[in-house]
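The values are calculated or read from the model by the stated rules, or taken from the named source; none is laboratory data. Note that the structure is a prediction, hence the values are computed from the model and not measured. A quick note on method: Cβ atoms are made from the backbone with ideal geometry, for glycine too, and the neighbour counts reach across all protein chains shown.
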Amino acid sequence: MATLRSFRKQNHGSTLLGDAMVGAVSGLAGVFALDKVADFMYRHENPQAKVQEEKVHAELGGSEVGPTSIGARQISQKLNLQLNQQQQEKLSMGLHYALGILPGMLYGMLLGRNPKFGFGRGLAYGLTLFLVNDEILSVKLGWTARPSKYPWQAHARGLAAHLALGLVTYAGFQALERVLLRR
């Protein structure tokens, strides 16, 4: 089976912007996969773990379900935006999708230049996003509490969901590149 690099050489390559756009679409598909895995796991999670997680969110000053809801509230407050509940939810969803699309763009640019970035068929990418987004960035931004405050089930759910995101983003990039480079 030919590598992406040899495939590009045979088909006159692609542009950095093109790779970013393919990565964005693939990242969006990855977010959908993340949501499905996370939702499934949450529905089957231990009720006591759910209560513990909800208490942590309440301590952060909100009853919001996830970090992007808290982030959306913080952003609207810092920008002095007077958003109603529906607008707040849209901002939260936009933030949620941006956290998959924007890294997907970067991943697409990297993967388009060097297939080694596809290590593990996207699993390494998913693991990286889990560690950076869930365990570091969201804490630094105040969207979540310290990781030790959450039950292990929340971390397992986040990891599994991000691994699914990585696999789907990688597979989406590969599939779209094959279709788009067939000229």
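Identify the residue in the stretch 35-90 that is basic (Lys, Arg) and within 21 Å of Ala145 (Cα to Cα) and, among all such residues, is surrounded by the fewest Cβ atoms within 10 Å (Cβ to Cβ).
Quick first cut of the stretch 35-90, residues basic (Lys, Arg) only: 36, 43, 50, 55, 73, 78, 90.
The next check asks that each one be within 21 Å of Ala145 (Cα to Cα); those that pass are 50, 55, 73, 78.
Details: Lys50: 15, Lys55: 11, Arg73: 19, Lys78: 8.
Among those residues, the one meeting the criterion is Lys78.
Among all residue pairs at least 6 apart or on different chains, which show Cβ distances below 7 Å where the first residue, located in the stretch 77-104, is at pLDDT 90 or above and the second is not in a helix (DSSP H, G or I)?
Partner pairs satisfying both residue conditions: Leu91/Leu83.
Do we have Glu89 as acidic (Asp, Glu), part of a helix (DSSP H, G or I) and over 24 Å from Ser26 (Cα atoms) here?
So Glu89 fails the test.
Every residue, every condition in (1) over 18 Å from Met105 (Cβ atoms); (2) surrounded by fewer than 17 Cβ atoms within 10 Å (Cβ to Cβ); (3) in contact (Cβ under 8 Å) with a residue 60 or more places away in the chain; (4) of a type outside the set (Phe, Trp, Tyr), yes or no:
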{"position": "Trp143", "(1), (2), (3), (4)": "yes, no, yes, no"}
{"position": "Arg146", "(1), (2), (3), (4)": "yes, yes, no, yes"}
{"position": "Pro151", "(1), (2), (3), (4)": "yes, no, yes, yes"}
{"position": "Ala161", "(1), (2), (3), (4)": "yes, no, yes, yes"}
{"position": "Tyr170", "(1), (2), (3), (4)": "no, no, yes, no"}
{"position": "Arg178", "(1), (2), (3), (4)": "yes, yes, yes, yes"}
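So which residues in the stretch 112-156 are of a type in the set (Gly, Ala, Ser) and not in a helix (DSSP H, G or I), if there are any at all?
Within the stretch 112-156, the first condition is being of a type in the set (Gly, Ala, Ser), and the residues that meet it are 112, 118, 120, 122, 124, 126, 138, 142, 145, 148, 154, 156.
Of everything in the stretch 112-156, those that are of a type in the set (Gly, Ala, Ser) and not in a helix (DSSP H, G or I) turn out to be Gly142, Ala145.
Here are Leu131, Leu110, Leu99: which of them is surrounded by fewer than 19 Cβ atoms within 10 Å (Cβ to Cβ) and under 22 Å from Leu60 (Cβ atoms)?
Going through Leu131, Leu110, Leu99 in turn, the sole match is Leu131.
Kindly provide the set of residues from the stretch 115-152 that are of a type outside the set (A, V, I, L, M, F, W, C) and over 29 Å from Pro47 (Cβ atoms), ordered by number.
Pro115, Lys116, Gly118, Gly120, Arg121, Gly122, Tyr125, Thr128, Lys140
With respect to Asp39, is the statement that it is within 30 Å of Leu17 (Cβ to Cβ), of a type in the set (D, E, K, R) and at pLDDT 90 or above true?
no
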